[in-house]
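Taking it in order: structure first as structure tokens, then the write-up.
The values are calculated or read from the model by the stated rules, or taken from the named source; none is laboratory data. Here the structure is a predicted model, which means the values were calculated and not measured. Cβ placement follows ideal geometry from the backbone for every residue including glycine, while neighbour counts extend to all protein chains displayed. Side chains are part of the model used for accessible areas, which takes the heavy atoms of the whole protein and leaves out ligands, DNA and RNA. Shrake-Rupley method; radii C 1.70, N 1.55, O 1.52, S 1.80 Å.
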Amino acid sequence: MKALNHPLSLALFSGILFYLGWPTLGFPIFLWIAFVPLLLAENTLRNTKNSGLKIFGLAYISFLIWNFSTTAWLYYASLFGVLIAVLVNSLLMALVFLLYHWVAKKSTPKIYWPFFISIWLVFEKMHLHWEFSWPWLNLGNGFSEYPSWIQWYEYTGTFGGSLWILLTNVMLFNLIQTFQIKTVFSVKKIIPIALVIGLPLLFSFYLFETYSVKGAQKEVILLQPNVDPYTEKYSKSNTEVIIGLLEQTQEKITPNTNYIIAPETVLAENIPYENFQFSAGKNLLHRFMNQYPKSSFLLGIDTYDILYHKALTNPASNQVEENIWVNFYNSGLYISNNTPVQKYNKSKLVVGVENLPYKPFFEPLLKNYMIDLGGTMSTKTTQDERSVFTDKDGTKIAPIICYESVYGEYVTGYAKNKADFLAIMTNDAWWNETQGHLQHLSLARLRAIETRKDVARSANTGISAFINQKGEITQKTKYNQKTSLIGKVSLNQKETFYVQHGDYIARIALFLASILLLVAFTRRKEVIG
């Protein structure tokens with residue numbers, strides 16, 4: 001029993017609990033207690049010699065287990081990449097926990113518990129915006145496989161889930177601490193915990209049962225060409241690829257089909273955009289749509305523009321020769337008869353593959369080693385607005401490209417531009433048949449709930465899927481199959497509370513953490529109490 005209470009054992013136990021609670025293999029109930037062993041270890045060592053170093057080491061062990069066990073699939077893209085992602089993200093988490101430890105040493109529970117909750121939320125918010133962005137393990141994502149538990153994300157986004165997990169852990173820790181002191185459980189302590197866990201669940205179950213999917217319906221075909229990105233992706237011209245996509249489409253299309261969606265960078269020839277506009281492949285698409293006048297194509301393309309004047313460049317422009325720059329794009333295209341081609345440039349970029357963070361400093365060190373999550377090894381050019389594609393009848397489609405679907409508030413930008421449904425174009429083949437593609441699909445369910453919009457997801461090797469406004473997967477393909485899927489999406493322009501207000505919980509947490517940090521380090525502990 002003594003060995004189980006050792007700080008190292010407690011740290012290991014926390015790491016295991018995070019793993020047991022994480023999608024898509026885990027069960028999220030474990031996330032409600034995952035911090036507790038680590039908090040017990042911190043409490044035991046708080047006033048010992050070199051406590052900061054000890055706490056940092058234990059926290060790093062816990063978070064290293066969590067990061068490695070849930071995201072080691074990055075190895076299939078890059079060995080060095082998984083080391084950077086796992087080791088650095090664990091380091092950042094451990095530093096956040098160390099900051100909590102320092103505040104706890106200088107203050108009372110009325111200060112350090114709200115600080116612990118708020119500073120973790122601030123860390124998650126930072127991970128959505130800074131150049132080393134990696135929000136995959138933000139706590140609120142942990143409920144993605146259980147949409148009936150989190151229907152209230154339409155009001156809070158995933159930060160509501162993060163707050164739920166953090167608050168429950170703090171309350172359970174205090175319950176255990178009370179039992180250790182008094183050796184008896186207090187009913188008065190148990191009731192608040194039951195309410196904190198139970199009331200959100202009951203509210204969510206109520207929303208899940210009473211919410212009706214809204215809007216008129218459109219017929220959609222999702223194409224899954226199943227191209228190996230390492231051996232096949234760049235071996236065919238865009239025209240050859242389009243011929244293959246049309247053959248797949250022909251198997252499922254009906255006179256009532258409205259949209260055919262193909263994956264991210266399915267056109268990988270990487271030619272100047274103007275060349276594609278006058279290409280044989282584009283003409284093939286138009287001839288095909290003449291036979292099916294209701295239909296339009298959404299598909300991903302690798303393309304670029306050449307610039308000959310420095311005044312036309314931007315920070316992402318790549319200089320290739322003196323007075324010659326290139327803007328590379330990972331784009332989505334909307335092609336319909338009798339209307340101009342609409343283009344959207346992916347703007348939430350994969351670190352190291354499409355965007356080298358803090359480029360002047362890191363380019364000499366990391367240029368050839370960063371994580372390969374899709375795309376190509378060049379700095380991509382983005383756009384400021386989350387523009388939507390508009391059909392002839394006024395229907396608006398959100399063109400979400402791969403990694404962008406991980407970002408909740410980011411996706412609300414499409415909803416604010418009146419998107420009727422979310423179209424996700426992705427290529428998850430870089431990670432092989434691992435948890436990576438399953439987790440990525442699962443996160444799309446959160447976006448459906450937050451915005452109350454249907455999701456039509458086309459993935460190169462799978463899993464392609466239809467997800468309704470409640471976050472339920474209504475149809476899906478199998479991984480590693482060349483196939484297609486036909487279904488319907490419901491159109492809903494109504495904005496949820498979360499769409500209107502975004503990550504307000506994180507903004508409140510930033511304000512609260514700043515005040516509490518100031519109080520903790522400027523007032524004496526006995527005065528605060």
Original post:
Which percent of Cα pairs goes in each bin when the distances of region 394-529 are cut into 5 angstrom slices starting at zero?
Top reply: 2, 10, 18, 18, 14, 10, 7, 6, 5, 4, 4, 2, 1, 0
Original post:
At a 1.4 Å probe radius, carbon and sulfur cover how many percent of the accessible area of region 30-75?
Top reply: 68
Subject >> Area of residue 130 that stays accessible when all protein chains are in place (1.4 Å probe, Å², to 10) >> reply: 70
Subject >> DSSP bridge orientation in region 422-529 - percent antiparallel, rounded to nearest 5 >> reply: 55
Original post:
What fraction of the DSSP beta bridges in the chain is antiparallel, stated in percent and rounded to the nearest 5?
Top reply: 60
Subject >> With every protein chain in place, region 432-529: carbon and sulfur % of accessible area (1.4 Å) >> reply: 56
**OP:** Could you sort 398-410, 322-334 so that the peptide with the highest average Cβ count within 10 Å comes first and the rest follow in order?
**Re:** 398-410, 322-334
**OP:** Restricting things to alpha carbons, tell me how big region 414-461 is in terms of Rg and Dmax, in Å.
**Re:** 11.9, 35
Subject >> Where Rh is the Kirkwood radius over Cα pairs, Rg/Rh for region 453-529 >> reply: 1.37
Subject >> Ranked by how many other beta carbons lie within 10 Å on average, peptides 27-40, 167-180 from highest >> reply: 27-40, 167-180
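Check each of the trypsin sites (Lys or Arg not before Pro) in region 392-481 and keep only those in coil by DSSP with at most 11 other C-beta atoms within 10 angstrom; list them in order.
478
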Original post:
Carbon and sulfur together cover what percent of the accessible area of region 387-431 at a 1.4 Å probe radius?
Top reply: 51
**OP:** Assuming 1.002 mPa s and 20 °C, estimate D for region 90-164 with Stokes-Einstein, Rh taken as the Kirkwood radius over Cα pairs, in µm²/s.
**Re:** 159
Original post:
Going out from 0 in 20 Å bins, what whole percent of all Cα-Cα distances in the chain drops into each bin?
Top reply: 21, 52, 23, 4
Original post:
Cα centroid distance between region 70-133 and region 433-461, in Å?
Top reply: 24
Original post:
Among 295-307, 192-204, how do they line up from the highest to the lowest mean number of other beta-carbon atoms within 10 Å?
Top reply: 295-307, 192-204
**OP:** Please report Rg over Rh for region 197-247, where both radii come from the alpha carbon positions and Rh follows the Kirkwood definition.
**Re:** 1.37
Original post:
Under a 1.4 Å probe, what is the accessible area of the chain per residue, stated in Å²?
Top reply: 41
